[in-house]
Every structure is written in C-alpha cells, then in structure tokens.
Amino acid sequence: MTDLELEHLRQEKWRLNGKPVRTLEEARSFLEAVGFCTLYPQKPAVLVPTFLGAWVGADDRLPTWQHAFADQRAKDATELMVRLLRERDVYEANLFGENNPLLVTASVFPYFYALVGERNPKTAPKAGPRSEYSQLACDTFELIRRKGPISKQQMREDLGGSVSLPALDGALVELWTRLRITRVDYNANDGSSWDVLYRWSPDAVRDGMNLGVSEALTALLSKYLGCVVAADQAELDNFFGNFVPRSRVKEAVNALLAARELEFVRVGERTLVQIAAAKAEVRSTPRMQRAR
C-alpha cells in the first residue's frame, strides 16, 4: 500500500470525498462506520475523523472549536450532532480537555465507558484533599441528579448567583470527564442541558460496568484501526494515551497481533498495523453488533 492509497481509503471512510453527510440517517451510518470522531479538527492533530469534515465533505479550511462560532458550516453540523445526542445515537466525551468533544457512537460507547467511567455511577462524588472532585462539582452533581435534565443557566440560579460561569464550567468538566454526566440537548436560548449519565442511558452504563478493561481496550483498538485503516504505535498512543496508560495500549496491540487479529502492513517507508485480512470483513465485536 502506498501513502496515497492509504489517504484515499481514509478520505472515503471519513466522508471527505465530496459526498457530505446531510441527513440524520447518513450521520448515523457515518458514525457507525468510524465508531468515533471529534466534532472539529484537533490541534495538535490526532488521527481521527471529524464530524464537521463529514458534514462539509472535505477537510480543507475547517475551523477549530475556537473559530467555529463564526462558521455557518460548523453551526449546521452542530445542529445535526445535537439531534443525534437527543436520540442517544451518539455520546460526547471530554477527551481532549477543551470544547471539542469526542463523539462516540452508541454501539461503541459501553467499551469507552468501561475504560473511563465510574464503576459505581450512582454513588455521589465527595470532595476532599485526595478527591478529584471539587465541592462545587459535588454540589452540581447532586443538583443534576435531583433536577436533570437541567440547563447550565438554571444550574447557576439554583446553585446561587455568586457562582461564576467559568467556575460552573469547571465543575461540569470534572463530572463530564469521568462520564458522571452527559450533555443531552442544546438550544440558543438556554444553552446546554445536562443529565446524569446513568439515568439518561442506563443500558449503556450497565453494559460498560460489566466489561473488563482488557476486553474493552482490544475492542476499541480494533474499531479504531477499522476507522483509520492502518496506524503505527505512536498514532495509537497519541489517541488512546488520552484515557489509558500507553503501556496498556502496547500490550493490547501485541495481544491482538499474537491472536492474528491484527497484522503488519508496509505503507511507504513505515510499518503500520491493520486488521488482519481474514478479519477485515468484521469491523466490530459481536456485542457491538447486537447493540446496533
């Protein structure tokens, strides 16, 4: 395989070939094929498709999240993405620590939850010297648990007018990063609405809680390689290292190679890994297929 051939395969799968996603059904099909994507391009770059690129049908001159507010294409793509959120066809994850969520399709989400989410999601977080949650995050969780889905503006009023929007945003990020809460809607008047994830999608959370870390990671690695066609270890680390130790990523790759689920492929001057030819028609595990 040449570098140009690899690029063409990715452009086709990522809908960057002049055939943009426009309808809800096309968006579902695209997300099911790739498994996950960012909403906007990520800088520094991460090897993963973007929902905005699929909407536009190309990847040239796409805005990052900092400039998306001024781009009508980004507004239209976000509107379609929010429809997917409402239908529980896709979930957002705060993987990169900024306003550029990773979108994870419903069939893949339990595997992602198994690696990132809480094993006891109904147990309220507690603040303290060794806790990863601030007191405001704990108060916000309890408010969302009692009144969710609830808008950010309503949260601020219920928590007291002295709570600043940046402080509330920080509390939401603390909870969202561990998949305690999820954004479930958005409108121009009220902004984002949030709910506790275990109530919004109890089946997805339960499935994730019942998955082992090794099973989840190997399933996601296979899905990711189906999405990007082929990748080297550094590219795998660059993506998965955001939410699991890189040593575990390498162990999972070696296990899949030993099981002949993956194989090496020469692309230009690089040696990459891809789904083994005998497995190329199976892009997801049986559990993922049943979830569709």
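What follows is calculated from the coordinates using simple rules that are stated; it is not laboratory data. Note that the coordinates shown come from a computational prediction; the quantities given were computed from them, not determined experimentally. Glycine also receives a Cβ, built like all others from the backbone with ideal geometry; neighbour counts cover every protein chain displayed.
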Worksheet item: P(r) for the chain: what percent of alpha-carbon pairs falls in each 10 Å bin, starting at zero?
Response: 6, 27, 35, 23, 8, 1, 0
Worksheet item: Mind checking the dipole of the chain: about its Cα centre, +1 per Lys or Arg Cβ, -1 per Asp or Glu Cβ, Debye to the nearest 20?
Response: 680 debye
Item to complete: Convert each backbone phi in segment 51-65 into a coupling constant with the Karplus relation 6.51 cos²θ - 1.76 cosθ + 1.60 (shift: θ = phi - 60°), then list the ³J(HN,Hα) values in order as whole Hz, x for Gly and Pro.
Response: 5, 5, x, 5, 5, 6, x, 7, 10, 8, 6, 7, x, 7, 4
Fill in: Contour minus Cα-Cα distance for R83 and Q153 (0.36 nm per residue)
23.1 nm
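At 222 nm, what helix-only mean residue ellipticity would the chain give, in deg cm²/dmol to the nearest 500, using -39500 (n - 2.57) for each DSSP H run of four or more? Intermediate results must be reported in sequence, preceding the final value.
Details: 14 runs with 140 residues, N = 292.
Mean residue ellipticity at 222 nm (helix-derived): -14000 deg cm²/dmol.
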Worksheet entry | Per-residue ³J(HN,Hα) for segment 233-240, Karplus 6.51 cos²θ - 1.76 cosθ + 1.60, θ = phi - 60°, Hz, x for Gly and Pro | 4, 5, 5, 5, 4, 5, 8, 6
Fill in: Cα shape, segment 3-107, gyration tensor, a/c 1.5 rule
rounded
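Could you compute the FRET efficiency for N189 and L165, with r as their C-beta to C-beta distance and R0 at 22 Å, rounded to 0.05? Spell out each step's value before the answer.
Values: r = 16 Å, r/R0 = 0.72.
E(calc), rounded to 0.05, equals 0.90.
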Worksheet entry | Cα centroid separation, segment 83-149 to segment 192-239 (Å) | 14 Å
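Rounded, prolate or oblate: pick one for segment 117-205, where a ≥ b ≥ c are the square roots of the eigenvalues of its C-alpha gyration tensor, a/c under 1.5 means rounded, and failing that, prolate if a/b is larger than b/c, else oblate. Present the calculation step by step, with values, prior to reporting the outcome.
Details: a/c = 1.93, a/b = 1.11, b/c = 1.74.
It is oblate, given that a/c is not under 1.5 and a/b is not larger than b/c.
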Worksheet entry | Integer Hz, Karplus 6.51/-1.76/1.60 couplings in order for segment 246-258, x for Gly and Pro | 5, 4, 6, 4, 5, 4, 5, 4, 4, 5, 5, 5, 5
Practice prompt. Sum up the lysine pairs in the chain that clear both bars: alpha-carbon distance under 26 Å and a spacing of 8 or more or different chains.
Written response: 19
Worksheet item: Mind ordering 202-213, 174-185 by average Cβ neighbours within 10 Å, highest first?
Response: 174-185, 202-213
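Within 10 Å of each candidate Cβ there may be at most 12 other Cβ atoms; applying that plus a DSSP loop requirement, which trypsin sites (Lys or Arg not before Pro) in segment 36-139 survive? Walk me through the numbers before you get to the answer.
Numbers: sites: R61, R73, K75, R83, R86, R88, R119, K122, K126, R130; in loops: R61, R88, R119, K122, K126, R130.
Hits after loop and neighbour filter: R61, R119, K122, K126, R130.
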Practice prompt. List every residue whose amide H lies under 5 Å from the amide H of A231, counting only residues 5 or more places away in sequence or on a different chain, with H placed 1.01 Å from N in the peptide plane.
Written response: V273
